[in-house]
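Student: Got a structure here, written out as structure tokens. Questions coming.
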Amino acid sequence: MNLQESILKLIRKASTDLSPDVEDAIKKAYETEDEGTPARNVFGTILEDIQLARQKSTPICQDTGALIFYIDFPVGDSEQKYREAIENAASQATELQYLRPNAVDPVTNKNSGNNIGKNAPYIHFHQWDKDEVRIRLMLKGGGSENVGTQYKLPDSGLKAGRDLKGVRKVVIDAVTKAQGLGCAPGIIGVGIGGDRVTSYALSKEQFFRKLNQRHENPEIAKLEEELHTDLNKLGIGPMGFGGKTTVLGTHIDYQHRHPATFYVAISYMCWAYRRKQMIIKNGEVTYD
């Protein structure tokens, strides 16, 4: 098993082959919209794009996003070998045009040209007790990242208190303000609690869940369902053209907070919901 080649394949699949759960949700949205409406036409174009990208092994979107890796690996394994393999694979993927050069130095404003830079790609390592390695990859577009936001409760302007009702209000407010920006229909990740950094991290990690996979906590699962329904009643629709589908999924998680804080971070993923994972066990690699 060649680790760099395996990660290169993971990047290619994430960039060019939309996962079945996302494609199925888009097909369902297409069938829900009325004939001749802008919303149905947009979904038709999106479905055509998905098929062409898969057939030609070309990126689903011209913005191939920032590379975010989460790696779970056995105790005693080396972080460095994964980092080196990821950087080499990302550079190769850029040369092969699976990725657009998206790593810009904010001081010099120069693009590195190969998606490699300080904290780029972003790699989160986690040791676990399993005898296998799981590498998860998310390609996070800049447009959808720009409409992510964070609230601190209570919010007097929205009359949102420090409870799940307050969480519901701020999520609806965030999606309403986003309108069609971020390439709707979106997928919403919500992180409740923690500090400013960890609430955002938690919200973004929700994008690794299968579409509309419900939380194990019944209260959170209920809120996910209610928000999914409420957000699709906003009428924003795909690309903001109006319609019955504004979000494809809503995923929420929570963590303990400091008594003086109550943060709610909302991350937004565009319809090009690009995430894949690979499992390495006994030298064999499988992709999902």
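The values are calculated or read from the model by the stated rules, or taken from the named source; none is laboratory data. Please read these numbers as outputs of a predicted model, since none were measured by experiment. No Cβ is skipped: glycine too gets one built from the backbone with ideal geometry, and neighbour counts run over all protein chains shown. Keep in mind that these areas ignore ligands, DNA and RNA; they rest on the heavy atoms of the full protein, side chains included. Shrake-Rupley method; radii C 1.70, N 1.55, O 1.52, S 1.80 Å.
Student: With springs only between Cα atoms under 10 Å, which of Leu99, Leu248, Leu234 fluctuates most in a Gaussian network model of the chain?
Tutor: Leu234
Student: Right, another one. Using amide H atoms built 1.01 Å from N in the peptide plane, name the residues 5+ places from Asn115, or on other chains, whose amide H lies under 5 Å from its own.
Tutor: Asn102, Ala103
Student: So what is the diffusion coefficient of segment 1-125 in µm² per second by Stokes-Einstein at 4 °C and 1.567 mPa s, using a Kirkwood Rh over Cα pairs?
Tutor: On the way: Rh = 16.4 Å.
For the chosen part, D equals 79 µm²/s.
Student: Between Asp21 and Thr58, what FRET efficiency follows from the Cβ-Cβ distance if R0 is 22 Å, with the result rounded to 0.05?
Tutor: Numbers: r = 22 Å, r/R0 = 0.98.
Calculated transfer efficiency: 0.55.
Student: Which value at 222 nm does the chain reach when only helices count, each DSSP H run of 4 or more adding -39,500 (n - 2.57), with the total divided by all residues and rounded to the nearest 500 deg cm²/dmol?
Tutor: Mean residue ellipticity at 222 nm (helix-derived): -12000 deg cm²/dmol.
Student: What distance in nm lies between label points placed 7 Å from Cα along the C-beta direction at Asp34 and Phe241?
Tutor: 1.5 nm
Student: Output the Kirkwood hydrodynamic radius of segment 183-246, Cα pairs only, in Å rounded to one decimal.
Tutor: Here the Kirkwood hydrodynamic radius works out to 12.8 Å.
Student: Continuing with this model, one more query. Considering only protein heavy atoms and a probe of 1.4 Å, how much of the accessible area of segment 143-269 is carbon and sulfur, as a whole percent? List each step's numbers first, then the result.
Tutor: Working: 3130 of 5730 Å².
Ligands and nucleic acids excluded, carbon and sulfur give 55 percent.
Student: Could you give the length gained on full extension between Asp105 and Asn212, defined as 0.36 nm per residue of separation minus the Cα-Cα distance, in nm?
Tutor: 34.9 nm
Student: Oh, and also: Return the unpartnered cysteines for the chain, using a Cβ-Cβ cut-off of under 4.7 Å.
Tutor: Cys61 - these cysteines have no disulfide-compatible partner (Cβ-Cβ under 4.7 Å) in the chain.
Student: So what is Rg over Rh here for segment 143-269, counting just Cα atoms and using Kirkwood for Rh?
Tutor: On the way: Rg = 13.3 Å, Rh = 14.2 Å.
Ratio of gyration radius to Kirkwood radius: 0.94.
Student: Could you state the accessible area per residue of the chain in Å², with a 1.4 Å probe and every protein chain left in place?
Tutor: 48 Å²
Student: Picking from Leu223, Leu231, Leu96, which is most flexible by a Gaussian network model of the chain using Cα springs under 10 Å?
Tutor: With Cα springs under 10 Å in the chain, the top fluctuation among Leu223, Leu231, Leu96 is at Leu96.
Student: Just flag the GluC sites (Glu not before Pro) in segment 1-47 sitting in loop per DSSP whose Cβ has no more than 13 other Cβ atoms within 10 Å.
Tutor: Values: sites: Glu5, Glu23, Glu31, Glu33, Glu35; in loops: Glu33, Glu35.
Passing sites in segment 1-47 are Glu35.
Student: Which of Ala260, Ala174, Ala272 moves the most in a Gaussian network model of the chain with Cα springs under 10 Å?
Tutor: Ranking Ala260, Ala174, Ala272 by mean-square fluctuation puts Ala260 first.
Student: In Å, the Kirkwood hydrodynamic radius of segment 14-64 over pairs of distinct alpha carbons?
Tutor: After inverting the mean inverse Cα-Cα distance, the result is 11.3 Å.
Student: Could you tell me how far the Cα centroid of segment 236-275 sits from the Cα centroid of segment 120-191, in Å?
Tutor: Computed from Cα coordinates, the inter-centre distance equals 5 Å.
Student: Tally Lys/Arg at +1 and Asp/Glu at -1 over every other residue whose Cβ is under 14 Å from the Cβ of Leu223; what's the total?
Tutor: Within the 14 Å Cβ shell, the charges total -3.
Student: Same structure again: Only Cα pairs under 8 Å and at least 6 apart count here; give the relative contact order of segment 143-269 as a rounded whole percent.
Tutor: 41 percent
Student: Taking θ as phi - 60°, what are the ³J(HN,Hα) couplings along segment 64-71 by the Karplus curve (6.51, -1.76, 1.60), each to the nearest whole Hz, with x for Gly and Pro?
Tutor: The phi angles translate into 7, x, 8, 8, 10, 10, 10, 10 Hz.
Student: Can I ask one more? Which whole-number percent is the relative contact order of the chain (Cα, under 8 Å, 6+ apart)? Mind showing how you got there, number by number?
Tutor: Working: 588 pairs, mean separation 68.7, N = 288.
The value is 24 percent.
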